[in-house]
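Data block below; observations after.
The values are calculated or read from the model by the stated rules, or taken from the named source; none is laboratory data. The structure displayed is predicted, hence computed values, not measured ones. In this analysis, Cβ positions are derived from the backbone assuming ideal geometry, glycine residues included, and neighbour counts consider all displayed protein chains.
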Amino acid sequence: MALKELEVRYATKRSRDYKLADGEGLHLLVRPNGSKLWRMKYRFEGREKLLSFGAYPQLGLAEARLKRAAARLELAAGRDPGARPDRKPAMTFEKAARAWHEHRAASLDPGHAARTLARLERDAFPALGKTDIRAVTSADVLAMVRSVEARGALDVSRRLKQHVSQIYRFAIPHGWADTDPAAYLSDLLKPKPRVRHMARVGMEELPKLVQAIDAYDGEETPRRRAVTRAALLFTLFSWARTNETRLATWDEFEGLETAEPLWRVPAARMKMEREHLVPLSTQAAALLVSLREISKTGFVFPGDKPNQPISQNTMIYGCYRMGYRGRQTVHGFRGLASTWANEAESYRPDWIEMALAHAERDEVRGAYNSALYLTPRRRMLQDWGNLVEHMVTSDAGVRRDDVEEVGPPLTAVA
């Protein structure tokens, strides 16, 4: 049904965009800020497109219908009414995206900024880059996202959708675009597969596991045995992921022999692509200090090959050798620590999630909450270190021939 002038004049704003249709593709888009914009949807060569005519009341209903009629004449003649044959688009998606990236790059970690631009150059620019930013439709963005999902990169596809929305939020105030075509695509994204929790023993078996690690006897040489044992213990103490531990370098640690030792894990090695600060317990710091005697490279946990860290499988094979195949993984150490901290009811969930380097589930809250909680996390990890140390008993089977290789056993670390 055709619109009436009074319907257009008195259309009120709502919490979300909505449309008032006039027929033959013409509609009035009413924005949450109260602006009213004339749009016309049409198809050309099998592709859905969108024309922008102007804002109401500067462009009235009658004038909008005249523009619709002119556009339909172009379509009838086999021409695209939205085409600009004599000049390039005033602002392409790629130009706007690069302007957005340049605007925010200085506030980002260089590695994170480079990865963001690389994603756009690999996936977004080939699909959308040369298109006038006003002409990009939701279908265009969804097609780009689907192509990324097709290769199994679900995390990348979600990040790209977020980048597109951020680019449009930057472009709209500059007058380059009017709407965000990615705004309502969240429900159409392919869901992430259900998280498969890594195997771990029950909390009642934690003391036995700690004792098995402290008495580790699964490598051919004392040096390999000492490094594997230290890597397992340090990962248990710090709640780190496997790659965060095995690729650790000495220059990432500060104040190991002070009251506030700290580990700065660079953003490039973090799952969430941002620097992670780990306040170390006295047990973790003492373990590192004792390890310096056998670490002859820049890596804290050196492997058998020159200037290389321990392999990806070193620690998990260590769990196998201790008899925990299928029952306990290295990643499962994090689950044990999280269970302990949550069940203790003495530590806020924010501290626990930050210690595990998890992303804020509430994206809006995450954008504003930049607290690091270093002081309460230091106390929490120190309590955990004290608990783990207490679990090691005098009959844990620590071999004295390893003392010179990696320093004192855990039972002697203060």
Checklist entry - Got at least one residue in region 15-27 being of a type in the set (K, R) and either without any contact (Cβ under 8 Å) to a residue 60 or more places away in the chain or part of a loop (DSSP other than H, G, I, E, B) (or both)? => result yes
Next on the checklist: Considering only residues that are surrounded by 13 or more Cβ atoms within 10 Å (Cβ to Cβ) and either farther than 17 Å from G60 by Cα or not acidic (D, E) (or both), which ones fall in region 5-18?
Outcome noted: V8, A11, K13, D17, Y18
Checklist entry - Is it the case that D155 is at pLDDT below 85, farther than 22 Å from H103 by Cα and either surrounded by fewer than 14 Cβ atoms within 10 Å (Cβ to Cβ) or touching a strand residue (DSSP E or B) at 6+ places or on another chain (Cβ under 6 Å) (or both)? => result yes
Next on the checklist: Pairs please, first residue from region 251-274 and closer than 11 Å to L288 by Cα, second anywhere and of a type in the set (G, A, S), Cβ atoms under 6 Å, 6+ apart in sequence or on different chains.
Outcome noted: L256/A285; P261/G255; P261/A285
Checklist entry - R223 versus (1) at pLDDT 90 or above; (2) under 14 Å from F299 (Cβ atoms); (3) over 23 Å from the mean Cα position of the chain (by Cα): which is the lone unmet condition? => result (1)
Checklist entry - Checking Y184 against (1) at pLDDT 90 or above; (2) over 19 Å from R119 (Cβ atoms), which single condition isn't satisfied? => result (1)
Item to check | Candidate set: region 169-187, residues that are surrounded by fewer than 13 Cβ atoms within 10 Å (Cβ to Cβ) and not in a loop (DSSP other than H, G, I, E, B); chosen: the one nearest to the chain's Cα centre (by Cα) | outcome: S186
Next on the checklist: Contact list please: Cβ distance under 6 Å, first residue in region 299-324 and charged (D, E, K, R), second residue not in a helix (DSSP H, G or I), pairs at least six apart or on different chains.
Outcome noted: R321/G218
Next on the checklist: So E48 ticks every box in (1) touching a residue at least 60 places away in the same chain (Cβ under 8 Å); (2) exposed (fewer than 15 other Cβ atoms within 10 Å of the Cβ); (3) closer than 20 Å to P173 by Cα but one. Which box is left unticked?
Outcome noted: (3)
Checklist outcome for this item: The number of residues in region 325-353 that are buried (at least 21 other Cβ atoms within 10 Å of the Cβ) and either within 23 Å of Y216 (Cα to Cα) or without any contact (Cβ under 8 Å) to a residue 24 or more places away in the chain (or both) is 6
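Okay, residues lined up against (1) of a type in the set (V, I, T); (2) in the same structural domain as Y184 (by TED's automatic domain parsing); (3) loosely packed, with under 14 Cβ neighbours inside 10 Å:
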site	(1), (2), (3)
S52	no, no, no
G60	no, no, no
W100	no, yes, no
R104	no, yes, yes
D109	no, yes, no
V145	yes, yes, no
Item to check | From the options V164, V148, V156, V141, residue that is outside any loop (DSSP other than H, G, I, E, B), under 19 Å from the mean Cα position of the chain (by Cα), free of Cβ contacts under 8 Å to residues at least 60 places away in the same chain and closer than 23 Å to F44 by Cβ | outcome: V164
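In region 311-326, which residues are over 26 Å from the mean Cα position of the chain (by Cα) and either outside the structural domain of A230 (by TED's automatic domain parsing) or at pLDDT 85 or above (or both)?
Listed by number, the residues that qualify are T314, Y317, G318, C319, Y320, R321, M322, G323, Y324, R325.
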Checklist outcome for this item: Quick count over region 105-125, residues being over 16 Å from L160 (Cβ atoms) and touching a residue at least 24 places away in the same chain (Cβ under 8 Å), is 2
Checklist entry - When G318 is evaluated against the numbered criteria (1) in contact with a Gly (Cβ under 8 Å, 6 or more places away or on another chain); (2) part of a loop (DSSP other than H, G, I, E, B); (3) farther than 20 Å from W263 by Cα, which criterion, by number, is the only one it fails? => result (2)
